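*Asks:* Here you go, one structure.
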Amino acid sequence: MQQSLAYDFSSEENSHKWRGLFVPSLQKVQKQVHPSLSAKEDGLQYIEVLILQLLNMLCVAQPRTIQDVEERVQKTFPHPIDKWAIADALSAIEKRKRRNPLLLPVDKIHPLLKEVLGYKIDYHVSLYIVAVLEYISADILKLAGNYVGNIRHYEISQQDIKVSMCADKVLMDMFDQDEDIGLESQCGDEPSSTGEVTYDDLVRAEIAEERQYLRELNLIIKVFRDAFFFNTKLFTPTDIEVIFSNILDIHELTVKLLGLIEDAVEMTADDSPHPLVGSCFEDLAEEQAFDPYETFSQDILSRQYHEHFSNLMAKPAVAHHFQSIAEGFKEAVQYVLPQLMMVPVYHCLHYFELLQQLQDNSQDEDDQECLKQAITALLNLQSSMERIYSKHLPRRKPG
């Protein structure tokens, strides 16, 4: 009978075996997700603590097989990060046949897991566990790096990680703490080695893109909008409506679209040439679900928006409020928020290009027809969006 006493990672007997074990490889993960930034030691140490917390969460169920670990992830990780972590871990197992795909030190962690569990597990089970940990650490570093870039800094600190964690309820729930974290799932495989982009490549890239986009929307809503919303003395409902328009409607649509695409991929029939996502776009387009983008773009690109925003930011009480939230936060609101509010405009324009690419690459007649119907249903919106964009940004440089 196995001992059911929980292994204490922080005890005097055990802590020295783990302390600093992940830090060098976390530095490599950081360079992989944000090559132009660096990370402070305290930031990497903080992520190590979070990783050990996750490792403990996985090991307490006494897993013996990959299936056991997968079930534990599904049970304890919030949706949808459970699916993303499992997908990356399975991908790591597949790639292991060719090379070690992970940066975290599997070879050092594998023998230590015998001590944690009280019995030896298969190497590929250790690989799976470490792949889950690496996925989460990359996610944290990606979000923190985006936050650091947004406030025009070049180094990720522990404080940056804690602040950026506020943007993502999913990871906050997972770590059961007051701060949040998160950011884009790493796009698994690169486009096919032939250099040609396939329908599969487009769908995989789009899922990664939607996840990234959803995190950016969460950053706008949870960090920036909440900073306005919860101070009713300084900001009126009109202020919030003018500054953030219908961003909540955009968020709701994005969650719905991502869910539909992920479901379509999961339900791909064995005899299908590729996942069929045309119906996802057709249904939403015919419901006019993308129309909030027109309202949003008109609002955000209007002169009134910029005047209202500038007048608000010129008030000393407003500046003081944002300064009191965190160092550099006032500058983030003043300079970064207007840039972030442009992201949905660009993303909507991206949909029009994507639909055409999917139609060009689809090998299924019904799917091609769905995509054609979606493109047709969105023609008026596309025309409006392009007109609004070109009217308000006549001197914008490309790229």
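*Asks:* Give the aspartates and glutamates whose C-alpha is closer than 15 Å to that of Lys31, dropping any in the same chain fewer than 8 places away, or say none.
*Replies:* Glu41, Glu134, Asp139, Glu155
*Asks:* Quick check: the angle from helix 247-266's long axis to the longest principal axis of the chain, C-alpha only, nearest 10 degrees?
*Replies:* Here the helix axis deviates by roughly 50 degrees.
*Asks:* Assuming 0.36 nm per residue, please report the length gained on full extension of the stretch Gln382 to Met342 beyond their Cα-Cα distance.
*Replies:* 12.8 nm is the gain from fully extending Gln382 to Met342.
*Asks:* On to the next question. For Ile156, which sequence-distant residues (separation of 5 or more, or a different chain) have an amide H within less than 5 Å of its own amide H, given hydrogens modelled in the peptide plane?
*Replies:* Ser38, Ala39, Lys40
*Asks:* In straight Cα distance, which lysines are under 16 Å from Lys17, not counting same-chain residues fewer than 8 positions off?
*Replies:* Lys108, Lys114
*Asks:* What distance in nm separates the two pseudo spin-label positions at Met313 and Thr295, each 7 Å out from Cα along the beta-carbon direction?
*Replies:* Each label point is offset 7 Å from its Cα along the Cβ direction, giving 2.6 nm.
*Asks:* Pick from Ala285, Ala87, Ala269: which is most flexible by mean-square fluctuation in a GNM of the chain where alpha carbon atoms under 10 Å apart are linked?
*Replies:* Answer for the Gaussian network model of the chain: Ala269.
*Asks:* Just need the relative contact order of segment 12-175 here, percent rounded to a whole number, with Cα pairs under 8 Å and 6+ apart.
*Replies:* Computed over segment 12-175, the figure is 35 percent.
*Asks:* I need the phi-derived Karplus couplings for segment 156-163: 6.51 cos²θ - 1.76 cosθ + 1.60, θ = phi - 60°, integer Hz, Gly and Pro marked x.
*Replies:* Using θ = phi - 60°, the values come out as 8, 10, 4, 4, 4, 5, 5, 5 Hz.
*Asks:* Give me the angle, in degrees from 0 to 90, between the Cα long axis of helix 343-361 and the longest principal axis of the Cα atoms of the chain, rounded to the nearest 10.
*Replies:* 80 degrees
*Asks:* Just grab the label-to-label distance for Glu365 and Glu287, each label 7 Å out from Cα along the Cβ direction, in nm (one decimal).
*Replies:* So the two model labels end up 2.9 nm from each other.
*Asks:* So the label point goes 7 Å from the Cα of Ser11 along Cα→C-beta, right? Which residues of segment 103-134 then have their backbone N under 15 Å from it?
*Replies:* In segment 103-134, the label zone of Ser11 (backbone N under 15 Å from the point 7 Å along Cα→Cβ) covers 113-119.
*Asks:* Please list 3J(HN,Hα) in residue order for segment 225-239, calculated via the Karplus relation 6.51 cos²θ - 1.76 cosθ + 1.60 where θ = phi - 60°; whole Hz, with x for glycine and proline.
*Replies:* 4, 4, 5, 7, 4, 8, 10, 6, 6, 8, 10, 8, x, 5, 4
*Asks:* Which angle from 0 to 90°, rounded to the nearest 10, does the C-alpha axis of helix 66-76 make with the longest principal axis of the chain?
*Replies:* In the chain, helix 66-76 runs at an angle near 50 degrees to the longest axis.
*Asks:* Suppose the chain between Lys83 and Glu331 were pulled fully straight at 0.36 nm per residue; how much longer would it get relative to their current alpha carbon spacing?
*Replies:* The Lys83-Glu331 span can extend by a further 85.7 nm.
*Asks:* Using alpha-carbon pairs under 8 Å, 6+ residues apart, how would you state the relative contact order of the chain in percent?
*Replies:* 13 percent
*Asks:* Follow-up question, since we're still on this one. On a full-extension model of 0.36 nm per residue, what is the gain between Ser38 and His124, subtracting their alpha-carbon distance, rounded to one decimal in nm?
*Replies:* 27.8 nm
Any read-out appearing in this document is the output of simple, stated calculations on the displayed coordinates, not a laboratory observation. From a predicted model like this one, the values you see are computed outputs, not experimental measurements. Neighbour counts are summed over all protein chains in view; Cβ atoms, including those assigned to glycine, are modelled from backbone coordinates with ideal geometry.
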